[in-house]
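**Student:** For reference, the structure I am asking about is given below.
The values are calculated or read from the model by the stated rules, or taken from the named source; none is laboratory data. Note that the coordinates shown come from a computational prediction; the quantities given were computed from them, not determined experimentally. Here the Cβ is made from the backbone with ideal geometry for all residues, glycine too, and neighbour counts use every protein chain on show.
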Amino acid sequence: MRLHSTREIETELNDAYIGQHQYRWVKPRQTWLDATCPVYIDLGDHLLARLETYNESGLQCIHLVAKEKFVHDAITEITAAAIATRFYPLFPNESA
């Protein structure tokens, strides 16, 4: 096994990053974790955290979503599950 420094694989990390962060919740609300619809937590400022499970590993993570993106998608998407799943510019000069 070969270990790599973050600097060596920085490009690959940036390419794979889609906004997910691992967390440790001391006293989780089990109903939120068991929910069958998306659960968002307001982190204050301009961010929401969407509770997710990272791939087939089952690792709990959060996906950071801008409140502007959430509101835009809540107005335009057909289902709640589609909110914050597609990434496209909200404003013409903004990159995805």
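**Student:** Answer with yes or no whether H63 is part of a strand (DSSP E or B) and either modelled with pLDDT under 85 or of a type in the set (G, A, S) (or both).
**Tutor:** Spelling it out, it is not the case that H63 is part of a strand (DSSP E or B) and either modelled with pLDDT under 85 or of a type in the set (G, A, S) (or both).
Results for (1) modelled with pLDDT of 90 or more; (2) in contact with a helix residue (DSSP H, G or I) (Cβ under 8 Å, 6 or more places away or on another chain), shown as yes or no for each residue.
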| residue | (1), (2) |
| --- | --- |
| N14 | no, no |
| Y17 | no, no |
| V39 | yes, yes |
| G44 | no, no |
| S57 | no, no |
| I75 | yes, no |
| I83 | no, yes |
| P89 | no, no |
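**Student:** So, one more: Under 6 Å between Cβ atoms, which residue pairs at least 6 apart in sequence (or on different chains) link something in the stretch 32-44 that is in contact (Cβ under 8 Å) with a residue 60 or more places away in the chain with a partner that is outside any loop (DSSP other than H, G, I, E, B)?
**Tutor:** Note: no pairs meet the criteria.
**Student:** May I ask you to verify whether V65 is among the aliphatic types (A, V, I, L, M) and either under 14 Å from I18 (Cβ atoms) or touching a Gly at 6+ places or on another chain (Cβ under 9 Å) (or both)?
**Tutor:** Considered against the rule, which asks whether it is among the aliphatic types (A, V, I, L, M) and either under 14 Å from I18 (Cβ atoms) or touching a Gly at 6+ places or on another chain (Cβ under 9 Å) (or both), V65 comes out as yes.
**Student:** Could I ask something else about it? Suppose we keep only residues that are under 17 Å from E68 (Cα atoms) and of a type in the set (A, V, I, L, M, F, W, C) within the stretch 14-58. Which one would you say is surrounded by the most Cβ atoms within 10 Å (Cβ to Cβ)?
**Tutor:** Once the filter is applied, the top-ranked residue is L48.
**Student:** If I ask for residues that are over 15 Å from H63 (Cα atoms), in a loop (DSSP other than H, G, I, E, B) and not charged (D, E, K, R), which ones from the stretch 21-43 would you list?
**Tutor:** Within the stretch 21-43, V26, P28, A35, T36 qualify.
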